Structures are given as structure tokens and as C-alpha cells.
Amino acid sequence: MDSNKETKFSIQYGPKDILDKKFKNKVRGYDPDEVDEFLDGIIRDYEAFTNEIDRLKEENTKLFSRVDELTKQLSVSKNVSAQTPQTNAAATNYDILKRLSNLERHVFGSKLSDSSVDNHDDGNHSDVDQY
């Protein structure tokens, strides 16, 4: 998202242009006081619209910055969460194998050494220490 995108439009008159505009008086022309009063109202509206446009542009810039910031945070969060399960899974598998090996040694350790004395050794007792 490009926060520098702005809609360009042509403005013919600014508030100051409207305020400083002097009209020629004609014999059958409009009442100058009434025209001035009407134009003063237009100037106030014009300034209010200009202020609102400026405020909205500033808010738009802040929102684009916030979106960029949150997008970066989301990207970092996805990377961390994608790496974490692999690390945890590997650690969990290692812990399980270690505990299983200890359990096998505890349960079968004395029986394996007894069976080798009794000549019932099938040669597989060395697999216990493999993990």
C-alpha cells in the first residue's frame, strides 16, 4: 500500500482568493453587501472543507503506517510460529526417545543381562542404547 497516493484535483479559488475578489458595480447589479455576506459564508465552508481534507490526509497516512507496521508484525509472528513447532517437535521427539530409553534400561536392563547369562541372547539388546 502506497501512503503517498493522493488524488490530485484542480482548485481554482482558495479562501483568500474568494475573500479578496472585488466585483465591479453596475447600475442594475447585485447588492454588494449581500454578495459579500454570501461569499463570507462560502469562505467559512471552504476553510472547513480544507481543514477536513488535511485532517483526513493525516489520518490516512497514519493508518497506512499502522497497516505497514501490523503487516510486518504479522510476518515476523508467522515466521516465529512456523519455526517454533518444528523446534518443539524435535525437542519433544528427543525427550520421548530419551525417556523411552531410560525406561527400557530400567525395566529390561537387568533381564537383558540375566538372559545373556542364560544364553538367550538374540543380539538385540544393544538396540536399547541406540536411541
**Prompt:** Are there any pairs with C-beta distances below 8 angstrom linking a residue in the range 47-61 that is in a helix (DSSP H, G or I) to a residue that is of a type in the set (D, E, K, R) and surrounded by 10 or more Cβ atoms within 10 Å (Cβ to Cβ), with the two at least 6 apart or on different chains, and if so which?
**Reply:** 57/6
**Request:** Only residues that are loosely packed, with under 13 Cβ neighbours inside 10 Å and under 19 Å from residue 21 (Cα atoms): list them for the range 39-65, please.
**Result:** 40, 41, 44, 45
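Read-outs throughout are calculated quantities, based only on the coordinates presented, and are distinct from any laboratory measurement. Since this is a predicted model, take the numbers as computed values, not measurements. No Cβ is skipped: glycine too gets one built from the backbone with ideal geometry, and neighbour counts run over all protein chains shown.
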